[in-house]
1. Just to check I understand the Karplus step: with θ = phi - 60° and J = 6.51 cos²θ - 1.76 cosθ + 1.60, what whole-Hz values come out for the stretch B:106-122, glycine and proline as x?
2. Quick one: 3J(HN,Hα) in Hz for the stretch A:104-118, Karplus 6.51/-1.76/1.60 with θ = phi - 60°, rounded, Gly and Pro as x.
3. Cβ under 15 Å from B:Arg70's Cβ, B:Arg70 left aside: what net charge do those residues give with Lys, Arg +1 and Asp, Glu -1?
4. I'd like the trypsin sites (Lys or Arg not before Pro) in the stretch B:2-108 restricted to DSSP loop residues with at most 15 other Cβ atoms within 10 Å, sorted by number.
5. Distance between Cα centroids, the stretch A:1-80 to the stretch B:13-85: provide it in whole Å.
6. Would you mind checking which residues have amide H under 5 Å from A:Ile39's amide H? H placed 1.01 Å from N; only 5 or more apart, or other chain.
7. Fewest Cβ neighbours within 10 Å first, please rank A:Asp83, B:Asp3 accordingly.
8. Grab the beta carbon distance between B:Glu11 and B:Gln111, set R0 = 25 Å, and tell me the FRET efficiency rounded to 0.05.
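Bear in mind these aren't lab numbers, they're just calculated from the coordinates by the rules spelled out. In this text the structure is predicted, and so the values were computed from the model without any measurement. All Cβ positions, even for glycine, are placed from backbone atoms using ideal geometry, and neighbour counts span all protein chains on display.
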Amino acid sequence: MGAEVSKKEDPLLSYRQEWIRAFKAGDVDGLVSLAADDIVCMSPNDTTVYGKDEFRDWWEEYFQYFKSVAFAEPERSVVIDGDFATEHSAYSLAIAPVSGGGRIRDDGRSLSIWKRQPDGSWKIWQMIWNSTNPIGSGTNRYMSRMLQKKVKPKR
Amino acid sequence: MSDGPSESVNEHVVKASQSGDVKPLVSLFADDALFMPPNDTTVYGAEEIRSWWEDYFSSFSIASNIQTERDMTVAGNQAFERTAFTGTIVPKKDGAKIVDDIRTLIVWKRQPDGNWKISHFIWNSIKPVGAGTNRYMNLMMQKKGRSS
């Protein structure tokens, strides 16, 4: 039966670190390289993204509007059972609109299901996140504006 | 899938709302479950989850949860359930219906006795910020002084 793994024996840790690095760097290729072909990604206040191509489009659009300023992960747990792993993360982040303006802080949780691939690597198969902050604060306020196309991307 | 969880969380939520009895709903969760409602802090364990639902049903009743998508993958002693549904809730204060489109990701864990319990539960809304149920969730939180 799967059990929570310690940091020392966590095979996902390096993947998670790569995810955070790629997010902070705005590295879409890096993020996409961690996704399974059939990834399902459910970002708050947006429709579900199916598959790697849509996943790439989503992040490309995201980084047209925002850049990462800071990211911290005060809590994380991983449960591995066979070829699947459940990763829960609590995070605090700050992003800044590319078009200018102040930093936006948010606190949230993500739940990612990773699937071991035939070559032994792990890829994200399903992921979802949400904010712990009240509506109208944090990043989702700006995400909403992005979706409504009220913020012009800087190209 | 015959080997996987057979309970529907959505059905339990509707039943709990109608009956006022959250016990059958809470019994789906493992003692150490992580419960992550949007725009609220993480809830740890079955006891806190029971309190959360009791809070929720003191402010809202569920008129319907119509499932539009469900994907269940059973892998060993874990099962991963992804759902999408349109939920209609009714605030007890004013009675005006609120419709929301929601996705959930649920991780089930098989227990030593063979039963399945939820170990992780998270959801969010497809709708823009300020629409759907989360607008009312926010009001509920503010009322309880939990908005900071």
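1. Each residue of the stretch B:106-122 in turn: 10, 10, 9, 10, 6, 8, x, 8, x, 6, 9, 10, 7, 9, 9, 8, 9 Hz.
2. 10, 9, 8, 10, x, 10, 10, 10, 10, 9, 9, 10, 6, 8, x
3. Working: positive: B:Arg82, B:Arg103; negative: B:Glu7, B:Glu11, B:Glu69, B:Asp71, B:Glu81, B:Asp101.
Computed value for this residue: -4.
4. Values: sites: B:Lys15, B:Arg50, B:Arg70, B:Arg82, B:Lys92, B:Lys93, B:Lys97, B:Arg103; in loops: B:Lys92, B:Lys93, B:Lys97.
Hits after loop and neighbour filter: B:Lys92, B:Lys93, B:Lys97.
5. About 25 Å separates the Cα centre of the stretch A:1-80 from the one of the stretch B:13-85.
6. HN-HN under 5 Å from A:Ile39: A:Gly51, A:Lys52.
7. On the way: A:Asp83 14, B:Asp3 10.
Taking fewest neighbouring Cβ atoms as first place, the list is B:Asp3, A:Asp83.
8. Details: r = 21 Å, r/R0 = 0.82.
With R0 = 25 Å, the Cβ-Cβ based efficiency is 0.75.
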